[in-house]
Amino acid sequence: MGLQGGRDTVLPVREGELSSLTVAGLSKAFGDARAVADLDLKVGEGEMLVLVGPSGCGKTTTLRCIAGLERPTAGRITIGNRVVTEIDQGVFVPPEKREIGMVFQSYAVWPHMTVYDNVAYPLKAIGVLRGEIHDRVMKTLRLVQLETLADRYSSQISGGQQQRVALARSLVAEPKLLLFDEPLSNLDANLRLQMRVEIKELQKRLGFTSVYVTHDQTEAMAIADRIAVMDRGMVRQVGSPRAIYDRPANTFVAGFMGTTNLLEGSVQEVTDAEAVVRTSGGITLRAIGARGAARGATVHVSIRPEALQLCPLEKPAAAANVWPATVALSTFLGDSVLYRLEVAGHTFEVHGPSTEVFEVGSKVTLAVEPSRCTLLIE
Ligand SMILES: Nc1ncnc2c1ncn2[C@@H]1O[C@H](COP(=O)(O)OP(=O)(O)O)[C@@H](O)[C@H]1O
Ligand SMILES: [Mg+2]
């Protein structure tokens, strides 16, 4: 796809011109420290992949390597069918030749320029003809609903509008791939919620391929087609938001993506679908995800707070995984009640409905379906 030329351009990405992204064996060391360690990723055409992980886990470094702003220590990066980095072969396409758009946390909208000039800038930089620039800028501004503010200086618009200018600026040159690095971190909480819906809608409508970096698990789940959870330079799990949340592959992912109860125990029995685990405190429970678990192995079981059911002592809810418990803490949250429960030396966090509140000190029954108890061997 040529970025120049006088034809009328449909913004920003057309059918057949989307690009997939493949990252293979990517490593980046700074001195002795490995920021990215042998990382593999695939992003499909039109897909939004969210890279999520704690601060310092290597998200920005990964994104910068994809953009060509960082030269990796090893690895190959392919955008569409074009290899843009292959360290072994000495291939390294400079960032401005990669046809990517980037949106950063510090959105770096120039305050002394108008909204229009900010968005026109990348087109001028690549030598698009003057007559074509106007059409393309105005089309892009319409996309992000800023066309009426084109003549304002960007210092005269709100934070959310500035972020939209940054988005328009990254879209205007019709990138094959869009990279976002914590683009909403500088916005206040309400605006952040609003903008993530807008970005998601725009992505669905325009179908751009993108990698979106955030440290915020909720944002990741709300915006992603698929999520890659990173820890210490490595990808620990890739999957849909639901799969990552409901079926975490290891204790790191279970603990990082939302709140969970993690119980340590040893495997007593394994069948095809289930395992029986006995915890250090002496609870016996049935859990799924037993594949690969061996009898006698030390494992963890992850149970989400909302998967646990609380009932009065006399009427247990389920057949398996039912234990007597004592309410240690009860916090009314309006839409739900957050409990801390003591069961045989274990402490459980439980979310219950606010229609029935159990007082501190009451004896209750705690129950959970085996299908909502995930066995983790890592
Ligand atoms: N230019 C650099 N020089 C030295 N160390 C760096 C540099 N950039 C990043 N790092 C280190 O690499 C690791 C990953 O950083 P980064 O990719 O920025 O993480 P994240 O974006 O996930 O917070 C961190 O330990 C960070 O200190
Ligand atoms: Mg970062």
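Computed quantities for the displayed model
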quantity: Residue check, residue 258 out of contact with any strand residue (DSSP E or B) (no Cβ under 9 Å at 6 or more places or on another chain) and closer than 25 Å to residue 240 by Cβ; calculated: yes
quantity: Complete set of residues in the stretch 48-72 that are small (Gly, Ala, Ser), more than 13 Å from residue 219 (Cα to Cα) and within 10 Å of ligand 2 (Cβ to nearest atom); calculated: 55, 56, 58
quantity: In the stretch 59-82, the residues that are in contact with a helix residue (DSSP H, G or I) (Cβ under 9 Å, 6 or more places away or on another chain), more than 11 Å from ligand 1 (Cβ to nearest atom) and of a type in the set (A, V, I, L, M, F, W, C); calculated: 67, 74, 77, 79
quantity: Output for the stretch 318-351, where each listed residue is in contact with a helix residue (DSSP H, G or I) (Cβ under 9 Å, 6 or more places away or on another chain) and either modelled with pLDDT under 95 or over 17 Å from residue 284 (Cβ atoms) (or both); calculated: 318, 320, 321, 336, 338, 339, 349, 350, 351
quantity: Criterion violated by residue 244 - all others in (1) farther than 30 Å from residue 168 by Cβ; (2) buried (at least 21 other Cβ atoms within 10 Å of the Cβ); (3) within 16 Å of ligand 1 (Cβ to nearest atom) satisfied; calculated: (3)
quantity: Residues satisfying the stated conditions in the stretch 73-131, i.e. over 25 Å from the mean Cα position of the chain (by Cα), within 24 Å of residue 151 (Cβ to Cβ) and assigned to a strand (DSSP E or B); calculated: 114
quantity: Residue within the stretch 225-245 that is in a helix (DSSP H, G or I) and among the basic types (Lys, Arg) present; calculated: yes
quantity: Residue match in the stretch 102-117 (condition: surrounded by fewer than 18 Cβ atoms within 10 Å (Cβ to Cβ) and charged (D, E, K, R)); calculated: yes
quantity: Scan of the stretch 351-377 for residues that are charged (D, E, K, R) and assigned to a strand (DSSP E or B), ordered by number; calculated: 363
quantity: Selection within the stretch 173-213 - within 13 Å of ligand 2 (Cβ to nearest atom) and either in a strand (DSSP E or B) or not assigned by TED's automatic domain parsing to the domain that holds residue 133 (or both); calculated: 179, 180, 181, 211, 212, 213
quantity: Selection status of residue 377, under 32 Å from the mean Cα position of the chain (by Cα) and either among the aliphatic types (A, V, I, L, M) or farther than 24 Å from residue 221 by Cβ (or both); calculated: yes
quantity: Subset of the stretch 246-276 (residues that are part of a loop (DSSP other than H, G, I, E, B) and on the phi < 0 side of the Ramachandran plot); calculated: 247, 248, 249, 250, 257, 259, 260, 271, 272, 273
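The values are calculated or read from the model by the stated rules, or taken from the named source; none is laboratory data. Since this is a predicted model, take the numbers as computed values, not measurements. Neighbour counts run over all protein chains shown; Cβ positions are idealised from the backbone, glycine included.
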